[in-house]
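So the structure is just underneath, and the comments pick up after that.
The values are calculated or read from the model by the stated rules, or taken from the named source; none is laboratory data. Just so it is clear, the model here is predicted, and its values are computed rather than measured. Here the Cβ positions follow ideal geometry from the backbone for every residue, glycine too, while neighbour counts run over all protein chains shown.
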Amino acid sequence: MSLHYQDGLVDVHRVVVGPMDNNVYVVRCRRTGDALMVDAANEHERLLEMCQTLGVRRVVETHGHWDHIQAVPAIRDAGYDVAVTAADAGMLPSYDELLEDDSVIEVGELTIATIATPGHTPGSMCFYVEGTPLLFTGDTLFPGGPGATKFPGGDFPAIIRSIDERIFSKFGSDTLVLPGHGADTTVGSERPHLQEWADRGW
């Protein structure tokens with residue numbers, strides 16, 4: 001794992017796991033040491049070590065696709081609560097809590113806003129750390145476009161609408177996009193290309 005981002009409020013550690021090179025992030029309140037894991041994707045031994053080292057209290061899932069949830073049973077067995085949206089809950093082997101749109105998750109003194117962004121899956125969700133530039137987008141938004149919608153439950157018009165209305169219309173250009181795979185980008189880098197993506201259809 002490596003320290004991926006840091007400011008006065010928050011540390012973000014990242015590890016890349018599994019055959020699909022999934023990004024797993026730990027968002028940690030610098031003032032209290034409390035932390036949240038985003039996507040218990042794979043390689044549960046590594047993730048459990050991160051949880052123990054960094055003070056993780058709970059796990060949130062950006063969506064229910066298999067490559068993002070392989071470590072969920074082991075994480076839950078170790079005593080960590082796992083949360084997912086109701087629309088994607090049936091894709092997980094098990095979970096503890098349901099996430100709702102436009103609510104908040106408290107992690108120490110951090111407030112993390114939940115943003116429903118259906119399209120990649122019916123229950124895809126992004127997480128924004130208030131007071132920072134950090135937006136965790138799962139497989140909704142990547143450098144160069146939206147996540148794939150060819151899987152069961154995928155909906156291309158919905159993902160374009162989600163990116164436009166729930167991300168590009170709400171967040172400034174400097175907002176840092178931390179996706180479920182690959183490199184970071186910014187809202188400002190991606191926003192000008194929305195119509196291109198809509199026109200190409202993927």
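Here are a few things to note about the model shown:
- Cβ-Cβ under 6 Å pairs, at least 6 apart or on other chains, the stretch 174-202 side under 18 Å from residue 158 (Cα atoms), far side small (Gly, Ala, Ser) and crowded, with 17+ Cβ neighbours inside 10 Å: 197/145
- Candidate set from the stretch 100-121 (those that are in contact with a Cys (Cβ under 7 Å, 6 or more places away or on another chain) and over 14 Å from residue 167 (Cα atoms)); member that is surrounded by the most Cβ atoms within 10 Å (Cβ to Cβ): 110
- Residue match in the stretch 146-155 (condition: of a type in the set (Ser, Thr, Tyr), at pLDDT 95 or above and farther than 18 Å from residue 192 by Cα): yes
- Residue in the stretch 122-133 that is part of a loop (DSSP other than H, G, I, E, B) and hydrophobic (A, V, I, L, M, F, W, C) present: no
- Per-region count, the stretch 163-184, residues closer than 16 Å to residue 129 by Cα and in a strand (DSSP E or B): 4
- Among the residues listed as 121, 111, the single one being touching a residue at least 12 places away in the same chain (Cβ under 8 Å), in contact with a strand residue (DSSP E or B) (Cβ under 7 Å, 6 or more places away or on another chain) and of a type in the set (Ser, Thr, Tyr): 111
- Of all the listed residues (115, 160), the sole one being modelled with pLDDT of 95 or more, β-branched (Val, Ile, Thr), part of a helix (DSSP H, G or I) and in contact with a helix residue (DSSP H, G or I) (Cβ under 9 Å, 6 or more places away or on another chain) is 160.
- Here residue 62 meets each of (1) among the hydroxyl-bearing types (Ser, Thr, Tyr); (2) under 28 Å from residue 154 (Cα atoms); (3) not in a loop (DSSP other than H, G, I, E, B) with one exception, condition (3).
- Boolean, residue 137 is modelled with pLDDT of 95 or more, of a type in the set (Val, Ile, Thr), under 26 Å from residue 42 (Cα atoms) and not in a strand (DSSP E or B): no
- Of all residues making up the stretch 7-52, the number that are free of Cβ contacts under 8 Å to residues at least 24 places away in the same chain and polar (S, T, N, Q): 1
- Test: residue in the stretch 96-105 that is within 12 Å of the chain's Cα centre (by Cα) and either of a type in the set (Asp, Glu) or closer than 25 Å to residue 171 by Cα (or both): no
- Residues of the stretch 23-60 satisfying the condition of being under 16 Å from residue 82 (Cα atoms) and among the hydroxyl-bearing types (Ser, Thr, Tyr): 25
- Remark: residue 94 matches the filter, which requires a residue to be modelled with pLDDT of 95 or more, within 16 Å of residue 68 (Cα to Cα) and surrounded by fewer than 20 Cβ atoms within 10 Å (Cβ to Cβ).
- Matching residues in the stretch 140-151 - criterion: being part of a strand (DSSP E or B) and over 14 Å from residue 23 (Cα atoms): 145, 146
- Qualifying residues in the stretch 1-47 (those that are among the polar types (S, T, N, Q) and assigned to a strand (DSSP E or B)) - the one surrounded by the most Cβ atoms within 10 Å (Cβ to Cβ): 22
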